[in-house]
Every structure is written in C-alpha cells, then in structure tokens.
Amino acid sequence: MRHRIKGRKLGRTASHRQATLRSLATALIKHKKIKTTVAKAKELRTFVEPMITRAKTDSVHSRRLIARDINDKNVVKELFGEVVEKVGNRPGGYTRVVKLGSREGDGAEMAIIELVDFNDVTTKKEKKVKEQKPEVVEKEEVIEESAKEEAVEAEVIEDTADAVEEVKADGKNDDADVKEKAAEKTEEEQPAEEVADDVKDEAKEEKPDEKTDDSKEEKKEDK
C-alpha cells in the first residue's frame with residue numbers, strides 16, 4: 001500500500017526520472033505545449049511550476065539554480081524573458097493538463113500539458129475582446145452625438161418658443177395701442193356730439209319764444 005508516499009516513480013530510477021523531468025521541462029518552456037502521458041504530465045507540473053516562480057526574481061543565484069535543471073541557455077533566456085513577462089502577476093497555476101484518452105497499443109492515458117498564458121484559446125478570447133472594444137467606443141460616440149443633437153434640438157425649440165412669445169407680446173402691444181387710439185377717437189367724438197346736442201336744445205328753447213311773439217302780435221291786431 002502506498003500510504004503517505006508522494007510522487008510517481010514512472011518506472012525509472014531516481015537519476016533516470018530526474019533526467020526525464022528535466023527534458024520534459026525544457027521542451028515545455030521551449031514549445032509552450034507538449035503531449036505526454038497523464039502520469040508524466042502531473043509529475044512535470046510539480047517540477048516546472050516552482051521553477052517559473054523562481055524565475056520571477058531575476059538574479060544570478062536564481063539563474064544558476066534553474067540552469068542546473070535546464071541545460072539549454074536559450075531556453076533559460078526565454079524563461080526569464082518571454083515567459084516571465086507573459087506570466088505577470090499570476091500567483092501560481094502556470095500550467096494546464098488536458099486529458100486526451102487512451103493511447104493505441106498499450107492503452108496508456110495521454111494528456112497535453114501547456115502554459116496557461118500561451119494557450120490559443122485565451123489569445124483568441126483576448127482578440128475578440130479587443131475587437132469588441134472599438135464597437136463599444138463607437139456606440140458611446142453615437143450616444144454622445146445623439147445626446148448633442150438632442151441638446152441642439154432642445155435649444156432650437158426653446159429659441160422658437162421665445163420667438164413665438166415675443167411675437168405674441170408684440171401683437172398684444174399692438175392691440176393695446178389700437179384700443180388706446182380707438183378710445184381717444186371716441187373721446188374726441190363725444191364732445192362734438194355733446195356740442196350738437198347743446199345746439200339742438202338751444203334751438204328748441206328759441207322756437208317757443210317765437211311762437212309767443214307771434215301770438216302777441218295776433219292779439220294786438222284783433223284789438
């Protein structure tokens with residue numbers, strides 16, 4: 001029974017197992033994705049992730065420790081340059097294991113182990129997001145333009161309303177002037193009518209006097 005026994009022997013001696021993990025780590029950092037058995041992929045994950053974490057501190061000491069396991073200088077430069085920049089502030093979990101099923105022949109379970117930040121799926125999603133951002137910007141610009149047009153229309157409506165109110169006020173003032181002129185004319189006509197009435201009254205008063213004088217003359221003649 002394998003209670004409290006960590007790791008996998010992979011059917012190899014210690015030195016052979018160490019050499020296998022070193023070669024797999026070198027291939028993974030160089031190609032960003034490799035195909036192997038599930039057991040090797042899970043064992044490689046525990047071997048290469050501490051190496052990437054150590055590479056975040058770019059120092060001579062960390063370079064020498066990593067150079068013990070990776071004998072290719074170009075791969076070491078790529079790890080400290082491209083891989084660390086791409087990983088960024090990710091706190092672990094740099095690799096992903098995807099099972100592929102059984103292999104023909106011996107029926108071993110196969111899997112793909114890859115670096116998460118160099119996956120094609122994530123890059124495609126990032127491209128889609130980048131392509132969608134200009135559309136969002138265009139929509140925001142359209143909304144801003146429509147808001148500006150609405151503001152301009154509101155200003156035009158306010159100006160027309162003010163102009164209509166001014167016209168109405170001018171019309172009211174003109175009506176008031178006309179009414180005042182009509183009132184003045186009526187006031188001028190009223191004294192003339194009053195004078196005519198006075199003349200008529202005086203004429204009426206004079207007519208009875210004439211009649212009285214005529215009657216007096218007739219009486220004298222009779223006598």
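Quick note: the coordinates plus some simple rules give every number you see, no bench work behind them. Computed from a predicted model, the values in this text were never measured in an experiment. Note that each Cβ is placed from the backbone with ideal geometry, even for glycine, and that neighbours are counted across all protein chains shown.
Below are the figures for this structure:
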quantity: Residue 52, sole failed condition from (1) of a type in the set (A, V, I, L, M, F, W, C); (2) under 28 Å from residue 108 (Cα atoms); (3) in contact (Cβ under 8 Å) with a residue 12 or more places away in the chain; calculated: (2)
quantity: Cβ pairs under 9 Å, 6+ apart, first in region 84-97 and touching a residue at least 12 places away in the same chain (Cβ under 8 Å) and aliphatic (A, V, I, L, M), second loosely packed, with under 13 Cβ neighbours inside 10 Å and part of a loop (DSSP other than H, G, I, E, B); calculated: 84/58
quantity: Residues within region 7-29 that are among the basic types (Lys, Arg) and either more than 21 Å from residue 108 (Cα to Cα) or in contact with a strand residue (DSSP E or B) (Cβ under 6 Å, 6 or more places away or on another chain) (or both), tallied; calculated: 1
